[in-house]
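Data first, discussion second: the structure below is written as structure tokens.
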Amino acid sequence: MEKYKILIDTDPGVDDALAILMAHEHAQVLGLSIAAGNVGIEHTVANGLKLIEVIGADTPVFAGCATPLVHAAADAAYVHGQDGFGDTGYTPSTRSAESEHAALAILRLSHVHAGNLVLVAMAPLTNLALALRLDPTLPQRVAKLVIMGGAVTGRGNYETVPAEFNIGFDPEAAHVVFSTWPHFVLVDWEATVQHGIEFARIEALLAASDPRAQFYRAISQKTRDWTRAGGRPKLLIADALAMAVALDPDIVTRAKERRVAVEINGALTRGATVVDWDSRLGRPANAQIVLEVDQSRFESLIASALGAG
Ligand code: RIB
Ligand code: CA
């Protein structure tokens with residue numbers, strides 16, 4: 001697998017954490033630009049710093065926007081814990097975030113690594129939208145943008161039926177990105193549901209003695225318990241799926257090129273990712289919509305990131 005230079009926009013977050021472990025195992029990680037989302041920015045920054053410490057990397061962490069662009073939004077602490085990492089009471093890292101704002105770091109790193117930077121956006125798109133408004137030429141320097149977000153046939157997980165969390169938390173930011181970024185890879189919630197991991201399988205991997213497995217076992221306990229209690233047959237790890245697609249694009253077995261736009265006004269549909277499946281409006285496709293991946297290769301990427309495979 002080619003060693004990509006990856007910049008990760010993230011709101012850690014339990015599934016974010018697994019994706020970040022995978023990125024450090026398989027690629028060169030240029031930084032974490034942190035968003036608010038799953039929980040507040042103070043927690044998502046602290047979680048990012050702690051995870052980098054656990055990995056033993058020197059990856060810089062850049063704090064981003066504390067709120068969505070326009071409207072306040074509900075977090076996902078009920079999934080990830082009040083602190084976003086399973087409320088384990090971990091000892092905070094002694095490291096600090098950089099002084100540079102996440103949006104500015106995205107722009108600066110896009111110049112330093114112009115042409116071979118892969119940007120993986122697995123959080124509300126607030127930081128990326130700001131970066132785009134500051135410098136609309138940003139897409140020209142980014143080799144590939146992979147977005148975890150949306151629900152391409154309207155089966156979402158957020159406050160309106162069709163909205164997925166990353167889009168629904170800041171629909172205005174998502175609209176800025178979806179309406180201006182020429183082409184990106186979209187890994188949505190529906191693909192996530194299709195590619196859950198069996199509890200027995202993930203728990204076997206988390207039994208590994210590797211510190212990464214042990215840390216992830218602790219911070220994911222609450223999310224695993226909540227998922228089981230909700231009757232889900234498998235653990236759903238959206239950001240890990242998006243990261244797997246970024247790290248190994250060949251795991252994608254089915255995808256479609258379509259135009260996707262974000263609804264920002266609908267009383268019933270705010271945050272929906274509306275796909276022109278029949279290309280009726282005649283606008284060029286802006287997204288490669290991932291519909292299916294090779295599950296065993298996906299799980300192998302997870303296993304190796306936990307030191308378990
Ligand atoms: O809908 C799933 C997405 O929302 C993931 O990125 C998860 O971390 C949350 O941010
Ligand atoms: Ca996330």
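Which length gain, in nm to one decimal place, applies between Glu159 and Thr67 when the Cα-Cα distance is subtracted from 0.36 nm times their residue separation? Walk me through the numbers before you get to the answer.
On the way: separation 92, 0.36 × 92 = 33.12 nm, distance 1.71 nm.
Fully extending the segment from Glu159 to Thr67 adds 31.4 nm.
For the stretch 161-309, the dipole from Cβ point charges (+1 on Lys and Arg, -1 on Asp and Glu) about the Cα centre works out to 220 debye, to the nearest 20. A dipole drawn for the chain from +1 and -1 charges on Cβ atoms has a positive end, and of Phe178, Thr253, Val54 the residue lying farthest that way is Thr253. Per residue, the solvent-accessible area of the chain (1.4 Å probe, heavy atoms of protein chains only, all protein chains present) comes to 39 Å². Across the options Leu281, Leu291, Thr10, the greatest Cα extent toward the positive end of the charge dipole of the chain (unit charges at beta carbon of Lys, Arg, Asp, Glu) belongs to Leu281.
Within the stretch 144-176, name every residue whose backbone N is under 20 Å away from a label modeled 7 Å from Cα of Tyr78 along the Cβ vector. The answer is 150-151, 155-171.
Within the assembled protein chains, the solvent-accessible surface assigned to Thr91 is about 100 Å², based on a 1.4 Å probe.
Under the criterion of Cα pairs below 8 Å and six or more residues apart, the relative contact order for the stretch 167-290 equals 39 percent.
What shape does the chain have by the C-alpha gyration tensor, where a ≥ b ≥ c are the square roots of the eigenvalues, rounded means a/c under 1.5, and otherwise prolate means a/b greater than b/c and oblate the rest? Since a/c stays below 1.5, the shape of the chain is classed as rounded. Among beta bridges from DSSP that stay inside the chain, the antiparallel ones total about 30%.
Heavy atoms only, probe 1.4 Å: what % of the accessible area of the chain goes to carbon and sulfur, would you let me know? All intermediate terms of the calculation are to be shown ahead of the outcome.
Numbers: 6250 of 12050 Å².
Carbon plus sulfur share of accessible area: 52 percent.
In the chain, helices alone account for a calculated mean residue ellipticity at 222 nm of -11500 deg cm²/dmol, with every DSSP H run of four or more residues adding -39,500 (n - 2.57). Taking the charge dipole of the chain about its Cα centre, with +1 at Lys and Arg Cβ atoms and -1 at Asp and Glu Cβ atoms, the residue from Leu138, Ala123, Thr91 reaching farthest to the positive side is Leu138. For the chain, the Cβ-based charge dipole about the Cα centre amounts to some 400 debye (Lys, Arg positive; Asp, Glu negative; other atoms uncharged). Along the stretch 151-162 the Karplus relation, 6.51 cos²θ - 1.76 cosθ + 1.60 evaluated at θ = phi - 60°, assigns HN-Hα couplings of 8, 6, 10, x, 9, x, 9, 10, 7, 9, 3, x Hz to successive residues, with x for each Gly and Pro. Summary value for the chain: 21 percent relative contact order, contacts being C-alpha pairs under 8 angstrom separated by 6+ residues.
Given +1 on the Cβ of Lys and Arg, -1 on the Cβ of Asp and Glu, and no further charges, what dipole in debye does the stretch 254-309 carry about its Cα centre, rounded to the nearest 20? If you can, show how the numbers build up before the last one.
Values: 8 positive and 7 negative charges, 43 e Å.
So the magnitude is around 200 debye.
Determine the gain in length on full extension of the stretch Ser296-Ala229; use 0.36 nm per residue of separation and subtract their C-alpha separation, reporting nm with one decimal. Don't jump to the answer; show the numbers that get you there.
Numbers: separation 67, 0.36 × 67 = 24.12 nm, distance 2.57 nm.
Extra length available between Ser296 and Ala229 comes to 21.5 nm.
The 3J(HN,Hα) values that the Karplus relation (6.51, -1.76, 1.60; θ = phi - 60°) gives for the stretch 273-280 are, in residue order, 9, 8, 9, 7, 4, 9, 6, 6 Hz. Gly and Pro appear as x.
The values are calculated or read from the model by the stated rules, or taken from the named source; none is laboratory data. Small disclaimer: the values here were computed from a predicted structure and weren't measured. Here the Cβ is made from the backbone with ideal geometry for all residues, glycine too, and neighbour counts use every protein chain on show. For the accessible areas, the whole protein counts, side chains as well, though only heavy atoms, and no ligand, DNA or RNA atoms are used. Shrake-Rupley method; radii C 1.70, N 1.55, O 1.52, S 1.80 Å.
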